[in-house]
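Following: one structure in structure tokens, then a few remarks.
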Amino acid sequence: MPDLAENYTIGDFGKIYDVVLKKNVQWHDGALLTADDVIFTIQLIQDPNYKSPLKTAWQSIETEKVDEFTIRFKLKETYAPFLNNLTFGILPKHIWEHVTVNNFLLTEYNLKPIGSGPYKFVKFAKSKEGKIQSFELEANENYYLPPPFIEKITFQFYSDENELLSAYNRGEISGFNYLELEKIKQIKNDQNLNIYEINIPRFFACFLNQNKSKALADKTARLALAHAVDKEKIIENVLGGNGTVVETPLLPYLFGYNPQTKIYDFSPEHSKNILEAAGWQDKDNDGIREKDDIQLKFKLTTSQWPALVKTAEELSQAWTEIGVGVELEFLSISEIKNRIKSREYEVLLFGKVLGSDPDPYPYWHSSQRKYPGLNLSLYSNEEADKLLEEGRADLDPETRIQKYQKFQEIIVDDIPAIFLYSPIYLYGVNKHIKGIEIKNVVLPSKRFFQIEDWYIETKRVWK
């Protein structure tokens, strides 16, 4: 959807994008937003000193100013999802060009931002310890789109979920961010509350590193693991039912999803039967199957996040019941990052975040097996590689979908990972706030997309 952009054109078979900006966009301090601001922001993203998480997506793209309100992007290769790259926030050059790299995270502009959106900063309050307690915004009277209906919004911050819940019950707040499952249960029957169930393009899976485990190099073993997992049960026990089953590297509501991909139904008896038939037997009655002096066992590594700990425990129980030995390893986020860099794990229970126009290439192409690539299964398949390469360069949506659907069939057949679930993001808002229409967002913070359409009061008008 156009936002700051008035229109755009695509040329040279998808290698040139000309974007024309709206000419009536003002920063909150009254300055005009121009092509200089966009180019300045992109230069910061591309500068390694700023360590932008968007750097990889922009490292091979040239940007030039055509005129005060037109920017030209030049790509070395055609990249079909490129428009999705143009969804980052823009920084005002006249404010940020005076901030050095060393002061970039410390400047007060991070707490007193100058933006161009429907709401602008008013003030914030801190505790004696320096923690932000509240953050107040007011409607931007110079907004370039129809102005927001709600005049003021205040964000309140609490030390824990109990405080937040008490504040809601006292009527101090109208909405709240994600709560733990047990807290959600306490308020689900609140007649004055709407709980929005929002899809976020992320999923969790067990990525199987066959380079580190000889047992997992056996496809029958991987197939048995897939059939032994009751995904619905895991979603119920771990997420309280607030999740959807995942069967492929893409999600059902995203571009390119293949609804015809085969599913590995929950059938532990089938797992046992195919293991027996393939020679995986528990000859010494220790509960772990073996074949050719190789035990069917591995270490399952994941983070200390409670939901993943519980998921790992559920998986361990399911796989133990079919004769698999599972050792659980729970690490801190920094330790997990180090393991990912070195690829030192046998099975990694981890999540992946996709874009609204997902490009599976970074996660599954064989060139991404080594860090900083994100191919966590160290997966390699020539046909899959070809489909990923062609898919990201295909500007025709129909043929691009066909390539991605074939890719999913190959992945599911090879079983380089056990796909599990996609959590549903829960957002609670008091019913007196209306106009909220949220189904799918890329990140939780995007729940405020189109907040200018939210409203509280209504009037009856005679016509």
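The values are calculated or read from the model by the stated rules, or taken from the named source; none is laboratory data. Just so it is clear, the structure is predicted and the values come from calculations on it, not from any experiment. Cβ sites come from the backbone with ideal geometry, for glycine too, and all protein chains shown count toward neighbours.
Here the condition is being under 26 Å from GLY325 (Cα atoms), in a loop (DSSP other than H, G, I, E, B), within 21 Å of the chain's Cα centre (by Cα) and in contact (Cβ under 8 Å) with a residue 40 or more places away in the chain; of SER356, SER377, it holds for SER377 alone. Scanning the range 294-308 for residues that are out of contact with any Phe, Trp or Tyr (no Cβ under 6 Å at 6 or more places or on another chain) and outside any strand (DSSP E or B), we see that the one that is farthest from SER377 (Cα to Cα) is PRO306. Restricting attention to the range 69-118 and to residues that are in contact with a Lys or Arg (Cβ under 9 Å, 6 or more places away or on another chain) and of a type in the set (Val, Ile, Thr), the residue that is surrounded by the fewest Cβ atoms within 10 Å (Cβ to Cβ) turns out to be THR78. Residue-level check: of (1) under 30 Å from PHE13 (Cα atoms); (2) in contact (Cβ under 8 Å) with a residue 40 or more places away in the chain; (3) buried (at least 16 other Cβ atoms within 10 Å of the Cβ), ALA57 misses just (2). Would it be correct to say that ARG400 is of a type in the set (Lys, Arg), more than 24 Å from GLU327 (Cβ to Cβ) and either in a helix (DSSP H, G or I) or in the same structural domain as ILE16 (by TED's automatic domain parsing) (or both)? It is true that ARG400 is of a type in the set (Lys, Arg), more than 24 Å from GLU327 (Cβ to Cβ) and either in a helix (DSSP H, G or I) or in the same structural domain as ILE16 (by TED's automatic domain parsing) (or both).
If you go through the range 115-138 and pick out every residue that is over 17 Å from ASP29 (Cα atoms) and touching a residue at least 24 places away in the same chain (Cβ under 8 Å), you end up with 3.
Could you tell me which residue of the range 245-280 is nearest to PHE207 (Cα to Cα), considering only residues that are touching an Asp or Glu at 6+ places or on another chain (Cβ under 7 Å) and not in a loop (DSSP other than H, G, I, E, B)? Restricting to residues being touching an Asp or Glu at 6+ places or on another chain (Cβ under 7 Å) and not in a loop (DSSP other than H, G, I, E, B), the top hit is VAL245.
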